[in-house]
Amino acid sequence: MAATLRSVHLQDPISAHTRTDFATLRQGMTVQEALAAIRLHGVGERIVYFYVLDDDDRLAGVVPTRRLLTAQLDSPLSEIMIRQVVAIPGSATVFEACEFFLLHKFLAFPVVDEQRHMTGVVEIGLFTDEVFDLAEREQSDAIFEALGFRLAQVRDASPLMAFRYRFPWLLATIASGSLCAVLASAYEVTLAQSLVLAFFLTLVLGLGESVSIQSMTVTIQALRVAQPNLRWYFRQLWREAATSVLLGLGSGLAVGLVVWIWRGAGLAALAIGSGILLSLMTACAFGLSVPSLLHALKLDPKIAAGPITLALTDIFTLLFYFSLAAIIL
């Protein structure tokens with residue numbers, strides 16, 4: 001089945017399979033006004049979500065049908081709508097649109113142009129009934145299973161092919177690990193002065209890697225639906241910076257308190273806590289910047305971003321950790 005999907009439909013432009021009889025509402029409406037507009041103008045054949053447009057006709061939010069019908073009549077749509085709308089770019093292919101259904105499990109997605117103007121709607125029924133020509137709706141799960149070949153393309157490969165695909169990215173981990181070992185050796189005196197630094201080294205590295213992966217995952221998802229530019233990047237960077245400061249302060253204070261209570265070493269607690277703060281701020285920055293840069297270079301961030309982000313995060317985590325310890329201690 002996967003072979004059939006690839007050869008017939010997956011490279012089609014999604015614009016050829018969108019519905020244009022979608023219902024839109026205005027952001028300034030109340031629920032009562034929205035319902036009156038729906039009765040006056042009607043709705044499409046199959047309505048799952050109502051999409052809300054701003055004064056410039058750009059997609060501003062989405063209101064599920066249930067939420068619209070159960071809200072108070074005088075409630076503004078701006079208060080009940082969901083502002084974070086996952087939208088499919090108009091330049092996407094059918095395969096890329098299928099990935100949206102696979103990842104987000106929504107029943108429909110709006111299709112937008114570069115200015116976030118809606119050009120159509122894609123529903124799950126379109127794929128089961130029209131694109132894939134399936135006789136039974138129960139077979140929709142098989143579609144998602146068939147799409148998995150790209151997300152897990154190594155699973156059925158020969159051992160040699162799997163090695164050729166996966167080993168080059170392990171080299172990034174080997175290189176970063178070797179460099180981290182060299183960095184650690186440069187701070188032998190600092191480690192000798194305060195052995196507690198070695199006790200928490202694994203924890204500090206694990207925190208940095210976890211935060212960088214979280215930021216990277218969020219960024220890759222955002223890149224699927226956004227048209228990134230410098231303004232978008234700096235807006236995301238500001239948000240990640242604020243988040244990383246809160247994460248760093250919370251984690252640094254928690255670990256520093258453990259060090260102080262356990263070992264009674266106030267300066268070591270300060271050094272470890274401060275190192276965690278700086279490392280998590282850096283981890284968030286790399287989690288955003290690496291996939292954004294790969295996307296700008298027309299490379300696939302899903303493949304390369306992980307090893308590169310983790311490698312940079314480990315290196316800078318150790319650098320900040322030991323440098324602050326050397327200064328404070």
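The values are calculated or read from the model by the stated rules, or taken from the named source; none is laboratory data. Computed from a predicted model, the values in this text were never measured in an experiment. Note that we place each Cβ from the backbone using ideal geometry, even for glycine, and neighbour counts take in every protein chain shown. For accessibility, only protein heavy atoms count, side chains too; no ligands or nucleic acids. Shrake-Rupley method; radii C 1.70, N 1.55, O 1.52, S 1.80 Å.
Here are some notes:
- Three principal axis extents describe the C-alpha atoms of segment 191-329; from largest down they are 51, 24, 21 Å.
- Using a simple spin-label model with pseudo-atoms 7 Å out from Cα toward Cβ, Arg239 and Thr217 lie 1.7 nm apart.
- Positive minus negative residues near Phe50 (Lys, Arg vs Asp, Glu; Cβ under 12 Å): +3
- Ranked from largest to smallest solvent-accessible area, with a 1.4 Å probe on the protein heavy atoms, Leu183, Leu267 come out as Leu267, Leu183.
- Nitroxide proxy distance, nm - points 7 Å out along Cα→Cβ at Val189 and Asp74: 7.4 nm
- Summary of packing: across the peptides 172-178, 288-294, the per-residue average of other C-beta atoms within 10 Å ranks them, highest first, as 288-294, 172-178.
- Solvent exposure, largest accessible area first (probe 1.4 Å, DNA, RNA and ligands not counted), of Asp56, Asp74, Asp12: Asp74, Asp56, Asp12
- The trypsin sites (Lys or Arg not before Pro) of segment 60-124 that DSSP puts in a loop, and whose beta carbon has at most 11 other beta carbons within 10 Å, are Arg83, Lys105.
- Were the residues from Ala254 through Arg83 laid out at 0.36 nm apart, the gain over their Cα-Cα distance would be 58.2 nm.
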